[in-house]
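Trainee: I'd like to ask you about the structure that follows.
The values are calculated or read from the model by the stated rules, or taken from the named source; none is laboratory data. Note that the structure is predicted; figures quoted are calculated from it, not measured. Cβ sites come from the backbone with ideal geometry, for glycine too, and all protein chains shown count toward neighbours.
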Amino acid sequence: MLAGLGFRQFQTSKIRTSIFVHTSRTVSGNPHCHSASDLEALVLGQYRNGKFRHLLHAAISDPSFLLAACRNLSPDETPLSSDSIARVIALEDLSLDLRSGRFDVESSCVKIFPSRKKGSSLVLPKLDLKIVIEAVRMVLEIIYEKRFATFAYGGRPKMGRHTALRYLRSSVENPNWWFRVVLRKQVLDICRLKTVLAEKIDDDELIGVIERLFASEAVVVELGGLDLGRGLPQESSLNAILVNIYFHGLDLELQGIRAQIHCGNPRFRGLEKAEDSQIFHKPIRVYALRYLDEVLIATSGSKLLTIDIKTSILKYVENKMGLKVDKLNTSIHSAVYENISFLGMEIQAVSPIVFHPPLSEKAMRAKKKHLKQVEAKASELKNARETRRKKLGLKILKHVFKKLKRAGEVKIDFHAEGEIGEVFRTWAEEVVAEYLKSKEECLHWHRLLTSSEFLSLKGIREQLPESLIDAYDQFQEKLDKYFMPGRTSKQLDENEMKEKDEERRYAKRTVQDLTELCIRVNAPVELVRRAVKLAGFTNSMGRPRPIKLLMCLDDSDIIKWYAGIGRRWLDFYCCCRNFRMVKTVVSYHLRFSCLLTLAEKHESTKKQAIRHYSKDLKVIDENGVEEIHFATEKEIRMMGDRNLADPSPVDGAISMTLVRFAVNDNLSFCLVHFCESTDTILYRVRLLQNRLNVDPSNEEKWVPGMAAIHEALNRKCLPLCEKHATDLFLGKICLQDLDCTSSLNVD
Ligand SMILES: [Zn+2]
C-alpha cells in the first residue's frame, strides 16, 4: 500500500539533507534583515530617467530582499529567524544564481498529475521559485501600490472585500442604473502585460523572469474565472498585483469619465449643507468599483448616459486591453428593481425605510403600554415617599409636643435642630419645586393673585401710603417671576421642543424615504443553502445530516473541519444585511450536522452526542484540556460587522476534506513553508468535486460562483505537524501556504 511513500520520502528528505550541507557553509554569512522602508528605498533608488532599472540585479536578488520574501511566505505570526530560513534554503546561492542568470525557472517547477486518467495536471513552483515570485511581487507592490486608484480593491493592504462593500454602502448615493463588466474566461495576455510593465520598468532581466514564469505555467492568471483571490493552490501570490497593474489603465479611463461628468454637474456645497433646505440638489454622479477583475459601475443619471459610459468602457476593455467581454452579462440593470451579484453578494438600491422600518401596530401598542407602566411606577414611588415623610414628620412633632407639655422645654443631649431644620427645608423646597412644575396650578394662582386690579388704578394709588404701593408692586413682580407660565414651565418647553424636533425628524426621514436610495448588501442565501446541500451537511429536506467520509477522522478534527467552514462563512458575510440567515446556517445546520456525524461515528444517538460534547462541541485534547473550536451559539449571536480584514472565501475549505492516515509518518517535514517539524501526521486530500464526480464548471450541478481546488491535488497526501494541521482545518492557513510540490502519492 505504501509503495510510493518510501521513495518519495527519501527524495524529500534527501533534498532537505543537501540543503543542510549547503547551509552549514553559508550560515556565517547570514543576510541582514532590513525594515520595510529600507527595502522600499532599495527599489526607489533604482529610479532613473522616468523608469525603474536593474531591479532584478539590485533589489530582487539582494539576500535581504529574499529574506523578507521568505518571512512573507511563512504563515506563522512569529517572524522567522534567519538561521531557521538558512536551514531550509541557501539564500546566498539563490541570490548568486539570480544575478548570474543561472536561475532556471522551469526546473524549479513540478508538474502534479491528477488521480483521474482524464484529469488535467497542475504546475506548481517549488519553494525557491515561490521565494523569487514573492520577491517580484514585493518589488511591484513598492512601485505600483501608491499609483493605484482609490476604488481598486483586492490584493492590496487594507483594501479588501469588506472595505469595498463599505465604500459601496456609505458613498454611493441614489444609484439608478448599474452594470458589471463581465469578462469571458481567458488567460492574461503576457505580451500586453509586458507593454504595460515596460511603461514603468526598464529591466529586461526582470521582464524575462516574469515571462518565463508564464511560459512555465508557474504563474497562470485566469480572468473571468473564479480562481482569483480565493487562496486556492492554483493561484500564485503574483496574480493579484499583475491584475491590478493590467487594469490600472482601465481605472484611469474610469477616473477620466467620472471627472468629465462631474465637471458638467458640479455639486453646490452650500445647498446640501443647509439643514432644512427645501431644495433637492442631486447632481449626476458616476461611481466605479473594481475588485481584481470584477468591475461595477453605477450612475445616478439617465439610462442613456449609462449606455454611453458602458459603450466607451467596453471599447477600452476590448480594444486597448484586448479582453473578451461577456456581452450578455454586461447588460445594464435598474439598481432599484433588480439585485445584482457582485463580490459574491447580492446588492440592490433600496429606500432608507428598509433600514429603519416603521413600528408595527402591535409594537406601537407595546411601546405605549411600557411607557405607561414606567410612569405609574414612578408616581407610585413618589406617593410612597411622601407618605413616609408625613409619618416621620408627625412623629417628630408629636415627640416635641409631648416634651414641651411635660417639662415646658425640650431637653436632649444631642442637638439635632440644625439637621432637622435642614431636612425640613429641603423637603419644603422639593414640594414647592414640584408644585411650580404644574402649569395649571401656577396659572390658577397667578390669576387669583393678580386679580386685584384696583391697586393699579392711578387714583387709588395716589391715596395709599407709598410703602404699601411699593410692597404691592414688588409682590406683583415676584408673581410674574415665579407664576408666569412662560417662565416657570421650562420643563414644558423642553417637552414641546422635543415634540417639534421629533416632527421635524419624521418629516425629514419621510422625504428621505421618498427621494433617496441607499445600497443593501445581502448574502446570497439560496447559494449558501445550495453549498450546504452539495457538501452534504443537509438532506433533500434541508435538515442536518451526518457526513460519512469524516467518520474516520479524530473527533477534534471533525469539529475543526466544521468550525473552519463556519468561521469563514461568518467572517465573509458579516457585513450583510441578512447576516442572520448565515448565522442560522452555521449555528443550526453545520452544528447539528457535526453532532450527527459524531453520533454516528460512536454509534450513539443525537441526544447522547449532545450530552457528551455539549452544543458548543467541546473536546478534550491529549493533555486533558477542554477545547472549543466551533463558534458558540452566544458568540454567533453577538457577531456583527466589525471585521475589516479581507476575508478569505469558504471555497477552499468546503470543497476539501483531509482524511487522516492510519500510519504515522515521522520522517517527512511538515509541508508548511519553513516549518521545521518532523513530528507529522499524514493527511489525504479528498476534493468534493471528485467525490461527487461533478464538474465545477457545470453550474447546474455545482454551486454557481463557488470555486474549487485544482483536481490534480485530489488524493495527494500532505504531511503536516499538529499545529499546522489545526490551522489548515480551521482556515487560518490555506493550501497556498503549503509547499504542495512535496506532497506524496500514496496508494
Ligand atoms: Zn508545521
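Trainee: Within segment 689-696, is there a residue that is among the hydrophobic types (A, V, I, L, M, F, W, C) and within 16 Å of the ligand (Cβ to nearest atom)?
Mentor: no
Trainee: Let me ask you something else. Could you tell me how many of the residues in segment 713-732 are in a helix (DSSP H, G or I) and basic (Lys, Arg)?
Mentor: Number satisfying all stated conditions: 1.
Trainee: Quick one: is Thr657 away from the ligand (no atom under 16 Å from the Cβ), surrounded by 16 or more Cβ atoms within 10 Å (Cβ to Cβ) and over 30 Å from Arg577 (Cβ atoms)?
Mentor: So Thr657 passes the test.
Conditions (1) among the polar types (S, T, N, Q); (2) surrounded by 18 or more Cβ atoms within 10 Å (Cβ to Cβ); (3) assigned by TED's automatic domain parsing to the domain that holds Arg591, marked per residue:
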| residue | (1), (2), (3) |
| --- | --- |
| Val532 | no, yes, yes |
| Ala535 | no, yes, yes |
| Ser540 | yes, no, yes |
| Pro544 | no, yes, yes |
| Asp554 | no, no, yes |
| Ile559 | no, yes, yes |
| Ala563 | no, yes, yes |
| Arg567 | no, yes, yes |
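Trainee: Scan segment 710-722 for residues that are within 14 Å of the ligand (Cβ to nearest atom) and either farther than 24 Å from Ser108 by Cβ or not assigned by TED's automatic domain parsing to the domain that holds Asn693 (or both) and jot them down.
Mentor: Passing the criteria: Cys721, Glu722.
Trainee: Only one residue in Lys618, Lys606 is away from the ligand (no atom under 16 Å from the Cβ), among the basic types (Lys, Arg) and in contact with a strand residue (DSSP E or B) (Cβ under 8 Å, 6 or more places away or on another chain), so which one is that?
Mentor: Criteria check complete, one pass: Lys618.
Trainee: Further, regarding this structure: Do we have any residue at all in segment 686-707 that's in a strand (DSSP E or B) and not basic (Lys, Arg)?
Mentor: Checking segment 686-707: at least one residue is in a strand (DSSP E or B) and not basic (Lys, Arg).
Trainee: Can you run down the residue pairs with Cβ atoms below 7 Å, 6 or more apart or on separate chains, where the first is in segment 437-456 and closer than 14 Å to Asp480 by Cβ and assigned by TED's automatic domain parsing to the domain that holds Glu494 and the partner is polar (S, T, N, Q) and in a helix (DSSP H, G or I)?
Mentor: Partner pairs satisfying both residue conditions: Cys442/Thr488; Thr450/Gln476.
Trainee: Among Ala725, Ala707, which is the only one that is of a type outside the set (Phe, Trp, Tyr), surrounded by 20 or more Cβ atoms within 10 Å (Cβ to Cβ), more than 16 Å from the ligand (Cβ to nearest atom) and under 29 Å from the mean Cα position of the chain (by Cα)?
Mentor: Ala707
Trainee: Which condition number in (1) more than 23 Å from the chain's Cα centre (by Cα); (2) assigned to a helix (DSSP H, G or I) is the one that Ala218 fails?
Mentor: Going through (1) more than 23 Å from the chain's Cα centre (by Cα); (2) assigned to a helix (DSSP H, G or I) one by one, Ala218 breaks only (2).
Trainee: Listed residues Ile353, Ile347; which is outside any loop (DSSP other than H, G, I, E, B), modelled with pLDDT under 90, within 27 Å of the chain's Cα centre (by Cα) and of a type in the set (Val, Ile, Thr)?
Mentor: Of Ile353, Ile347, the one residue that is outside any loop (DSSP other than H, G, I, E, B), modelled with pLDDT under 90, within 27 Å of the chain's Cα centre (by Cα) and of a type in the set (Val, Ile, Thr) is Ile353.
Trainee: Follow-up question, since we're still on this one. Go through the residues of segment 677-687 one by one and say whether even a single one is more than 15 Å from Asp557 (Cβ to Cβ) and buried (at least 20 other Cβ atoms within 10 Å of the Cβ).
Mentor: yes
Trainee: Based on this model, can you work out whether Arg530 counts as among the basic types (Lys, Arg) and within 30 Å of Ile559 (Cβ to Cβ)?
Mentor: When the stated conditions are applied, Arg530 passes them.
Trainee: Taking segment 445-497 as the search range and keeping residues that are farther than 22 Å from Glu434 by Cα and among the charged types (D, E, K, R), which one is modelled with the highest pLDDT?
Mentor: Selected residue: Asp470.
Trainee: Follow-up. Here are Ile558, Ile565: which of them is modelled with pLDDT of 90 or more and farther than 22 Å from Glu346 by Cβ?
Mentor: Ile558
Trainee: Follow-up. Can you tell me which residues in segment 116-136 are out of contact with any Leu (no Cβ under 9 Å at 6 or more places or on another chain) and of a type outside the set (A, V, I, L, M, F, W, C)?
Mentor: Arg116, Lys117, Lys118, Gly119, Ser120, Ser121, Lys126
Trainee: Checking the structure you have, find out if any residue of segment 672-681 is within 15 Å of the ligand (Cβ to nearest atom), among the polar types (S, T, N, Q) and assigned to a strand (DSSP E or B).
Mentor: Scanning segment 672-681, I find at least one residue that is within 15 Å of the ligand (Cβ to nearest atom), among the polar types (S, T, N, Q) and assigned to a strand (DSSP E or B), so the answer is yes.
Trainee: Which of the strands (runs of 3 or more DSSP E) found entirely inside segment 100-206 contain at least 3 residues meeting this: not assigned by TED's automatic domain parsing to the domain that holds Ser334?
Mentor: 109-112, 122-125
Trainee: Follow-up question, since we're still on this one. Show the residue pairs meeting these rules: Cβ distance below 7 Å; 6+ apart or different chains; first residue within segment 382-406 and more than 16 Å from Ala428 (Cα to Cα); second residue aromatic (Phe, Trp, Tyr) and surrounded by fewer than 10 Cβ atoms within 10 Å (Cβ to Cβ).
Mentor: No pair meets every condition.
Trainee: Here's a follow-up. What are the residue pairs meeting all of these: first residue in segment 666-684, first residue assigned by TED's automatic domain parsing to the domain that holds Leu713 and within 10 Å of Leu720 (Cα to Cα), second residue near the ligand (Cβ under 9 Å from one of its atoms) and aromatic (Phe, Trp, Tyr), Cβ atoms under 6 Å, and 6 or more apart or on different chains?
Mentor: Thr678/Phe669
Trainee: Now a separate question. Test Ala288 against the criterion of being hydrophobic (A, V, I, L, M, F, W, C), more than 24 Å from Leu228 (Cβ to Cβ) and within 30 Å of the chain's Cα centre (by Cα), and give yes or no.
Mentor: So Ala288 fails the test.
Trainee: Further question: Consider Lys372 against the criteria (1) under 24 Å from Lys508 (Cα atoms); (2) surrounded by fewer than 16 Cβ atoms within 10 Å (Cβ to Cβ): it satisfies all of them except one. Which criterion is unmet?
Mentor: Among (1) under 24 Å from Lys508 (Cα atoms); (2) surrounded by fewer than 16 Cβ atoms within 10 Å (Cβ to Cβ), Lys372 violates only (1).
Trainee: Does Ser655 meet the test of being under 30 Å from Ala69 (Cα atoms) and of a type outside the set (Phe, Trp, Tyr)?
Mentor: yes
Trainee: Right, Leu644: out of contact with any strand residue (DSSP E or B) (no Cβ under 8 Å at 6 or more places or on another chain), in a loop (DSSP other than H, G, I, E, B) and within 16 Å of the ligand (Cβ to nearest atom) or not?
Mentor: In short, no.
To keep it simple, each residue is scored yes or no on (1) of a type in the set (A, V, I, L, M, F, W, C); (2) free of Cβ contacts under 8 Å to residues at least 24 places away in the same chain; (3) within 30 Å of Arg715 (Cα to Cα).
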{"position": "His57", "(1), (2), (3)": "no, no, no"}
{"position": "Leu66", "(1), (2), (3)": "yes, no, no"}
{"position": "Leu98", "(1), (2), (3)": "yes, no, no"}
{"position": "Ser121", "(1), (2), (3)": "no, no, yes"}
